[in-house]
Amino acid sequence: SHRGPGPDQLGPEPADVAGVLADQRWRDLLGVRELAGASVGRSGLATQAIAAFDVALWDLKAKRAGLPLAKLLGAHRDSVRCYNTSGGFLHTPREQLLDNATASLASGIGGIKIKVGHPDRKEDLARLTAVREHLGDDVPLMVDANQQWDRATAQRMGRAFEDFGLVWIEEPLDAYDATGHAALAASLDTPVATGEMLASVAEHWELIRAGAADVIQPDAPRIGGITQFLKLAALAEHHHLQLAPHFAMEIHLHLAAAYPHEPWVEHFDWLEPLFNERLEISGGRMHVPSRPGLGITLSDQARAWTQEEYETGSRP
């Protein structure tokens, strides 16, 4: 049955997030549901377009309730472990890599991730050795290969990395190679993390049922929004997986706080110019804002980027 708008509404009740997104009326509002479900599949750009509306509806729902989104979802914690990637790219000189790691920890970040996948594998080992010696054994350290290795190389590098006490090895293989990831995860003591490039819950399910990841790394805007993320989080919890969402910390902080097992969230400050507020980071953790909803508002700079405004319906 279709839920009609209330007397003061222009459309469906926004609080019914799942219903709004599933309703046939969504096709009339956005012109993408039919495409997402048929012509171009249930992932990709159409799904990511819907995700923007899904996130906005959850933000509105939490604001109506007067709660941070994490509290609305049922938070297990008020802060989440966080790690930094942006100081450890492949092109970063080795000494700068060490300085960046020091600065990140001084700012309150709890873990350091560096990129690996140089053509010369000895360079990866030298850089990782330098960072581990610089940080000591107690600082959480991760590496990210960004799908650069084939199966044999991933196996060799994974074995070479075992003594570094890594939190995880990320994307060692092609993102869709569930069989290869599963074999690697089964053979290594170091956890294997992947998932950021996948574009639906169904694609993540292929990884999960294959045993291809110890750490699942979904990106809520990429898989269709918060509604889809919650479905995936339930699957991940059922299979006792760790959770470390990819990018968009302003959204994923809330979702990670609501995950039963202690998660990680990725720190990137790239989107900060969009918002008036800044997330609090201290003691190795990112703290959930006490403000309602996502706890962020668009900055004047972000509003200045508006290309066009459009209004449908009529005001009462």
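Side notes on the structure shown:
- Applied to region 68-77, the Karplus parametrisation 6.51 cos²θ - 1.76 cosθ + 1.60 on θ = phi - 60° returns per-residue 3J(HN,Hα) values of x, 4, 4, 5, 4, 6, x, 5, 9, 6 Hz, with x for Gly and Pro.
- Over the chain, accessible surface divided per residue gives 48 Å², non-protein components excluded, 1.4 Å probe.
- Here's how it looks for F275: its modeled amide H is under 5 Å from those of S299, which are all 5 or more places away or on a different chain.
- Candidate lysines for bridging to K122, where Cα separation is under 19 Å - those fewer than 8 sequence places away on the same chain excluded: K113
- From phi via Karplus (6.51, -1.76, 1.60), per-residue ³J(HN,Hα) for region 278-283 in Hz, x at Gly/Pro: 10, 6, 7, 10, 6, x
- The simple spin-label model puts a point 7 Å past each Cα toward its Cβ; for E311 and A126 those points are separated by 6.3 nm.
- Multiplying the residue separation of A304 and H240 by 0.36 nm and removing their Cα-Cα distance gives an extension gain of 18.6 nm.
- Rounded tilt (10° steps) of 226-238 against the dominant C-alpha axis of the chain: 50
- Amide H contacts of L294 (H built 1.01 Å from N, in plane; Pro and chain starts excluded): L69 sit under 5 Å, all sequence-distant by 5 or more or on other chains.
- Trypsin sites (Lys or Arg not before Pro) within region 162-269, DSSP loop, no more than 12 other Cβ atoms inside 10 Å: none
- Applying both filters, DSSP loop and at most 16 other Cβ atoms within 10 Å, to the trypsin sites (Lys or Arg not before Pro) of region 259-316 gives R278.
- Listed values [x] 24.4; [y] 28.3; [z] 20.9, entry calculated as Kirkwood radius over Cα pairs in Å: [z]
- Residue among Q155, Q96, Q301 with the largest mean-square fluctuation in a Gaussian network model of the chain, springs linking Cα atoms under 10 Å: Q301
- Applying the Karplus relation 6.51 cos²θ - 1.76 cosθ + 1.60 with θ = phi - 60° to region 265-272 yields 3J(HN,Hα) values of 10, 8, 8, 9, 9, 4, 8, 4 Hz, where x marks Gly and Pro.
- Apportionment of accessible area to carbon and sulfur, region 229-316, percent (1.4 Å): 52
- Contact order normalised by residue count of the chain, Cα under 8 Å, 6+ apart, percent: 22
- Sulfur and carbon atoms: percent of accessible area, region 53-178 [1.4 Å]: 51
- Longest site-free stretch - the chain; sites: GluC sites (Glu not before Pro), DSSP loop, at most 10 other Cβ within 10 Å: 1-307
The values are calculated or read from the model by the stated rules, or taken from the named source; none is laboratory data. All figures in this text were calculated on a predicted structure; none of them were measured in a lab. Every residue, glycine among them, receives a Cβ derived from its backbone with ideal geometry; neighbour counts consider all protein chains shown. In case anyone asks, the SASA skips ligands and DNA or RNA and just uses the protein heavy atoms, side chains included. Shrake-Rupley method; radii C 1.70, N 1.55, O 1.52, S 1.80 Å.
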